[in-house]
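First the structure, in the form of structure tokens, and then the observations on it.
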Amino acid sequence: MTEYQNKSYSNSVATNWIAFYTIVEKEIRRFLRIWAQTLLPPAITMVLYFIIFGNLIGSRIGEMDGYDYMAFIVPGLIMMSVITNAYGNVSSSFYSNKFQRSVEELMVAPVPNWVILWGYVAGGVARGLFVGLIVTLLSLYFTSLQVHNLFVIVTMITFTAIVFSLGGFINAVYATKFDDVSIIPTFVLTPLTYLGGVFYSISLLPDFWQHVSMANPILYMVNAFRYGILGVSDINIWFAYGMILVFMAALTGWCLYLLNKGVGLRS
Amino acid sequence: MTYALEIKELRKTYGNGFAALKGIDLKVEQGDFFALLGPNGAGKSTTLGIVSSLVNPSSGQVSVNGFDLNTQRTQVKRTLGVVPQEFNFNFFEKVYDIVKQQAGYYGLSVSEAEPRIEKYLKKLDLWDKRNNQARELSGGMKRRLMIARALVHEPKLLILDEPTAGVDIELRRTMWEFLQDINAQGTTIILTTHYLEEAESLCRNIAIISNGEIVANTSAKDLLGQLNKTTFVVDINGKPELTGGNFNFRKVDEHSLEFDLEKGQVLNEAFSELAEKNHQVISIRPKTNRLEEVFVDLVSTSDQA
């Protein structure tokens, strides 16, 4: 028994909570500080979508699944902004911390890896939901939104933000240069989102492409969220819940494995 | 006895096959002011990186204040403060926020953290800069910020990797006084430095690492005792007329001589010889840092081995 072992140097629920809160506060302060890079662009982009696809083109398309086109695309566009911002927040923030080596502040401190992970994920979720709220408020200028099932709306948007924050974390861990944090959003996330039923119902597609679309996880998230707002969906929403929970568990396991091994962090 | 740091058979081979540490052993007592010296690439930063959880060891044992790094890493981290060689904070954060965040990572509540942040920022002359972004600070201020950050959880062992690199002489002296003060209050300090004068002035014990092996580990006094000769430079009145003699006097310039003082010889004899030639000594100084001579000797021996 050493002199120091008489005093508790272990972590407690309180110390872990303070560490978690510190990371989340830092992450939120970061995206608010650089709001012109984080909050303004999605707001402008989505307003353009609403005007061009919703108003100008949408008025010629007519109805989709029984709703006017603007009302149909709004849930998908909200989800799209949540996905890209949750992912982008964690990938760019964690990679910047690696690049500036400020991640070492966390590595030398007694912060458990799961606290580090969920601190960054909570920061990504916060930005995703914040941007989602901005886009929702902007959409109200163009159309009225209904609430078919609030539970589905809240859980689906939060779970989606968590899944893509975890994805952003993995991207940042493997990234060795800034280009690496833009490759996945550009070449994977954006195509999957556009092909994930944001702008159309997959019932419009030929059978073959309908089946191909079913392999796209974003399709389930967009449709489940649309179900929460409009009450219409191309897919079974319980299947969507099952799938998203499996993704959350698998990605969490992957992230913790990377942190425990120190991949991209410790030589 | 519980050591502040105890390292046994520590090895590190990097992915490219470079063996940075070849089985080193090291013990640092509680309350010590210890220097880990070595040329670039000798393994100093790797050693400190392993102790700080920034580098994975290949094998070996490390314990900090009696806690084993492998099995009690959380406790190790709680008793350890680290000041790395490179700036490793977010340059866009404010000075106050950087220290506050670190306090948060250690689980300090706001009420515990705030008085400490104020105390250390004031002690390190950064209080007036607390609302500045870190990137606006000078190099010396950035180093002091890293020290304040490392102290906010009041560690028992403070590790500093080149703490005064790039810091001007006046500020370096101020930092030495600060570190001596921290050490006097009971914090064990381990530092690496390229300024051997710094190690000689501050540290009671010194280890020298070369090519991944410890080539000396003893008290500063014993280490300096290994010197067989010291070269001194004397400034004199008038032109130097003395060369050779018992001390091998050599002319440096129109008003200076240098000579070697072998182990066992005393300075008085050298002064007597100078007085015989009517040279009045105005000042005397060692030609090089004494520790530097031992250091160069040990490291060059290790290189040849």
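Quick one: which residue in B:221, B:156 is within 27 Å of residue B:79 (Cβ to Cβ) and among the basic types (Lys, Arg)? Just a single option satisfies the conditions, and that option is B:156.
Only a single criterion out of (1) modelled with pLDDT of 95 or more; (2) under 28 Å from residue A:257 (Cα atoms) is not satisfied by residue A:153, namely (2). Do we find a residue being surrounded by fewer than 16 Cβ atoms within 10 Å (Cβ to Cβ), in contact with a strand residue (DSSP E or B) (Cβ under 9 Å, 6 or more places away or on another chain) and either among the aliphatic types (A, V, I, L, M) or more than 12 Å from chain B (Cβ to nearest Cβ) (or both) anywhere in the stretch A:32-45? No. From the list B:149, B:143, the lone residue that is over 15 Å from the mean Cα position of the chain (by Cα) and either crowded, with 21+ Cβ neighbours inside 10 Å or modelled with pLDDT of 90 or more (or both) is B:149. Is it the case that some residue within the stretch B:114-121 is closer than 15 Å to residue B:150 by Cα and at the interface with another protein chain (Cβ under 8 Å from one of its Cβ atoms)? No, that holds for no residue.
The set of residues in the stretch B:80-113 being of a type in the set (Asp, Glu) and either surrounded by 22 or more Cβ atoms within 10 Å (Cβ to Cβ) or within 9 Å of chain A (Cβ to nearest Cβ) (or both) consists of B:86, B:93, B:97. Determine whether the stretch B:120-127 contains at least one residue that is of a type in the set (Ser, Thr, Tyr), outside any helix (DSSP H, G or I) and either free of Cβ contacts under 8 Å to residues at least 40 places away in the same chain or closer than 27 Å to residue B:5 by Cα (or both). Looking through the stretch B:120-127, none of the residues is of a type in the set (Ser, Thr, Tyr), outside any helix (DSSP H, G or I) and either free of Cβ contacts under 8 Å to residues at least 40 places away in the same chain or closer than 27 Å to residue B:5 by Cα (or both).
Any chance the stretch A:112-135 includes a residue that's within 14 Å of chain B (Cβ to nearest Cβ), assigned to a loop (DSSP other than H, G, I, E, B) and closer than 17 Å to residue B:102 by Cβ? Checking the stretch A:112-135: at least one residue is within 14 Å of chain B (Cβ to nearest Cβ), assigned to a loop (DSSP other than H, G, I, E, B) and closer than 17 Å to residue B:102 by Cβ. Within the stretch B:252-259, is there a residue that is of a type in the set (Gly, Ala, Ser) and modelled with pLDDT of 85 or more? Yes, some residue in the stretch B:252-259 is of a type in the set (Gly, Ala, Ser) and modelled with pLDDT of 85 or more.
Can you tell me which residue within the stretch A:8-23, out of those that are within 7 Å of chain B (Cβ to nearest Cβ) and assigned to a loop (DSSP other than H, G, I, E, B), is farthest from the chain's Cα centre (by Cα)? Here the residue is A:9.
Pairs linking a residue in the stretch A:217-240 that is within 16 Å of residue A:161 (Cα to Cα) and free of Cβ contacts under 8 Å to residues at least 24 places away in the same chain to a residue that is of a type in the set (Asp, Glu) and not in a helix (DSSP H, G or I), with Cβ atoms under 6 Å and 6 or more positions apart or on different chains, do not occur. The lone criterion from (1) within 21 Å of the chain's Cα centre (by Cα); (2) within 23 Å of residue A:252 (Cα to Cα); (3) among the β-branched types (Val, Ile, Thr) left unmet by residue A:229 is number (2).
The values are calculated or read from the model by the stated rules, or taken from the named source; none is laboratory data. Computed from a predicted structure; not experimentally measured. Here Cβ is always computed from backbone atoms with ideal geometry, including for glycine, and neighbour counts include all displayed protein chains.
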